[in-house]
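The values are calculated or read from the model by the stated rules, or taken from the named source; none is laboratory data. These numbers come from a predicted model, not from an experiment. Note that each Cβ is placed from the backbone with ideal geometry, even for glycine, and that neighbours are counted across all protein chains shown. Ligands, DNA and RNA are stripped out before the accessible areas are found, and what is left, the full protein with its side chains, is counted by its heavy atoms. Shrake-Rupley method; radii C 1.70, N 1.55, O 1.52, S 1.80 Å.
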Amino acid sequence: MKRFQVAIASSKGGVGKSAVSIHVCHALSKKGLKVVLADADSNQSSTYWAERAEQNGHDLGFAVIDGISGNVPSDCDFLWIDTQGNPDLSELGDLSRNMDLVVLPCGVDAGEVTATLKSIQEAKLEVSDYKILLTRVPPRPNKRGETLHNQLEEAGLPVFDLSIQHRICHYDANESGLTLGQMKGRAAKAGAKEYANLADEILKLVEKNHEPG
């Protein structure tokens, strides 16, 4: 089976790039896939998260390697690359052509949306190369996330069906080296379900890209 390869990239900090990386990789590993997260961000947020997990005796279910010098195991089914924050956009364009998918996490404020749209334009990303993921979305009854989702769709931009809601338990998960699915509480369980559904959507997309013809 050919290895699936997905990158996540953002030109704006604080949009949950590493949180999405950790949680999607965890959800994919629970499907029986051999998942490797390559942390190519100089902040190494994913690496530190995994180190806290190991220190606290938690098993995330996947390996985290150095995204620059690390070797990807030959039996890896799914390679997820957590790219450098605020990446060189010409390099992002080149990377997109070697990936099955580039995930673009985007918050819901104007600055984050502007940065995401600028990245798409300057990196010359093709519609088939990427998909926007709305993150840190305010909970209902606030409709900011829903409104932005509809605006992006109307503009013809590819956007994931679901969004990632802002939850305080994300901070607790990071500090403990856990995923939301390994925590107790209704908010954590709801968040874990969002990531599981996101992993399903991503897997369907990359499997479709691998279909012959």
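Data table
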quantity	calculated
Region 180-204: number of residues that are of a type in the set (Asp, Glu) and either over 16 Å from the mean Cα position of the chain (by Cα) or surrounded by fewer than 18 Cβ atoms within 10 Å (Cβ to Cβ) (or both)	2
Close pairs (6 angstrom Cβ cut-off, 6 or more residues apart or separate chains): surrounded by 20 or more Cβ atoms within 10 Å (Cβ to Cβ) in region 163-179, of a type in the set (Ser, Thr, Tyr) and assigned to a helix (DSSP H, G or I) anywhere	none
Residue satisfying condition, being free of Cβ contacts under 8 Å to residues at least 60 places away in the same chain, open to solvent by less than 30 Å² (accessible area, probe 1.4 Å) and of a type outside the set (Ser, Thr, Tyr), within set 133, 92, 125, 104	125
Breaking point among (1) crowded, with 16+ Cβ neighbours inside 10 Å; (2) over 16 Å from residue 145 (Cβ atoms); (3) among the hydrophobic types (A, V, I, L, M, F, W, C), for residue 159	(2)
Qualifying residue in region 142-158 (condition: in contact (Cβ under 8 Å) with a residue 40 or more places away in the chain, closer than 22 Å to residue 109 by Cβ, touching a Leu at 6+ places or on another chain (Cβ under 9 Å) and small (Gly, Ala, Ser))	no
Check on residue 143, on the phi < 0 side of the Ramachandran plot, among the charged types (D, E, K, R) and crowded, with 17+ Cβ neighbours inside 10 Å	no
